[in-house]
Amino acid sequence: MHQELEEDDETALVEADAQNPAGSFALPERLTVPAASTGERLDKALARLLPEVSRSRIKQWIEGGAIRLNDRTPAARTQVFAGDTIDLAPPPSPEASAFVAEPIALDVVHADDAILVLDKPPGLVVHPAAGNWSGTLLNGLLAYDPRQGLLPRGGIVHRLDAGTSGLMVVARTAPAYLDLVRQLQARSVTREYWALVYGAAPKEGTIDAAIARDPRQPLRFKVSRAPAAKPARTHYRTVETSDAAGQALSWLVCRLETGRTHQIRVHLESIGLPLVGDPVYRRGRPGSDASLATAWTRFARQALHACRLGLIHPVTGEPTQWFREPPGDMRELMTSLGFHLRRRAGSV
């Protein structure tokens with residue numbers, strides 16, 4: 001299964017997106033080097049003149065012959081001087097070419113003129129990125145309604161890992177997009193998850209621990225005290241505990257207060273309660289009982305489902321909320337592990 005590494009929900013709004021929703025930038029065809037850049041290397045001068053473009057992409061453009069300096073093909077280290085002309089002819093970015101419609105089935109829970117609420121299936125990547133330039137939720141949104149292409153990120157304001165199922169809200173207008181992003185930043189959006197974990201969990205608790213990328217394993221994040229670590233807080237409550245083939249297991253309801261990448265997965269692993277089936281933070285399966293074989297054959301992801309979503313409707317101003325139980329693979333697993341779905345976990 002593809003790994004989907006994305007930015008935090010709380011940093012989803014990027015100024016450039018408001019200008020160019022496809023993820024590319026409206027660049028000038030020609031630049032004139034200012035006096036302040038006299039004597040600088042070409043790549044450094046361009047980084048100063050084009051702050052919205054990454055240094056690595058500028059380097060790619062220069063090495064690919066997409067940049068000409070005074071009508072000559074330069075190297076990145078070539079010095080520039082005041083009055084020099086730089087011509088830009090960069091190729092389309094992968095992000096821009098990925099911003100296309102594809103017919104992908106969407107489970108629409110709610111739709112009106114301002115928002116869509118979707119129940120994302122497991123395995124569906126939310127947004128095109130390296131290794132996943134097609135077949136994403138974004139591509140499906142563009143096929144569902146081409147007008148989504150006029151919005152930053154196709155109207156997507158928060159995300160779920162590819163292996164996580166559940167509820168997401170998508171904006172359908174620019175004002176709704178800004179309103180939802182502000183609600184996420186204000187931490188007023190309710191996001192609750194069902195999680196199955198190894199271990200006998202306490203009745204309830206709060207994990208308040210900053211998170212940073214693991215420098216030794218770039219696909220992982222970890223609880224960290226590093227200066228770059230971002231504050232994160234997760235509340236959880238135990239619904240039920242079980243014992244499958246001698247392995248203690250717990251069914252939790254988790255509520256996010258912040259929206260960091262892999263937050264629930266990292267936080268629960270940090271207190272000795274790793275998610276069942278997590279391919280990054282805890283491989284393996286509970287016991288080897290033959291009665292679990294069928295459920296395990298059909299379950300190949302982390303046992304995490306975004307069950308409840310609550311927000312203030314960006315047009316009516318009314319509190320709104322939706323609830324969805326997990327898809328069949330997780331329900332079957334829960335039953336096989338001895339959990340009683342009729343208990344229907346309530347809010348934390």
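Please treat every number below as a calculation from the coordinates, not as lab data. None of the values given here were measured: they were computed from a predicted structure. Positions of Cβ are backbone-derived with ideal geometry, glycine not excepted, and every protein chain shown enters the neighbour counts.
Close amide H partners of Lys120, meaning residues 5 or more places away or on another chain with modelled amide H under 5 Å apart, are Gly166, Leu167, Met168. Exposure proxy for Trp251, Trp61: other Cβ atoms within 10 Å of each Cβ, ordered fewest to most, give Trp61, Trp251.
Here segment 196-244 is assigned +1 on the Cβ of each Lys and Arg and -1 on the Cβ of each Asp and Glu. Its dipole about the Cα centre then comes out at about 380 debye. Can you give the relative contact order of segment 97-186 as a percent, counting alpha carbon pairs under 8 Å and 6+ residues apart? Relative contact order, segment 97-186: 33 percent. Our estimate of slack between Asp87 and Val108, defined as 0.36 nm per intervening residue step minus the Cα-Cα distance, is 2.9 nm.
The ranking of Leu88, Leu268 by Cβ neighbour count inside 10 Å, starting from the fewest, reads Leu88, Leu268. Per-residue Karplus couplings for segment 59-71, computed as 6.51 cos²θ - 1.76 cosθ + 1.60 with θ equal to phi - 60°, are listed in order as 4, 4, 4, 5, 5, x, x, 8, 10, 10, 10, 6, 6 Hz, Gly and Pro entered as x.
Of the peptides 135-148, 202-215, how do they stack up when ordered by the mean number of other Cβ atoms within 10 Å, highest first?
The packing order, highest mean first, is 135-148, 202-215.
Find how many whole Å separate the alpha carbon centroid of segment 198-233 from the alpha carbon centroid of segment 119-161. If we compute the Cα centre of each part, the gap is 27 Å.
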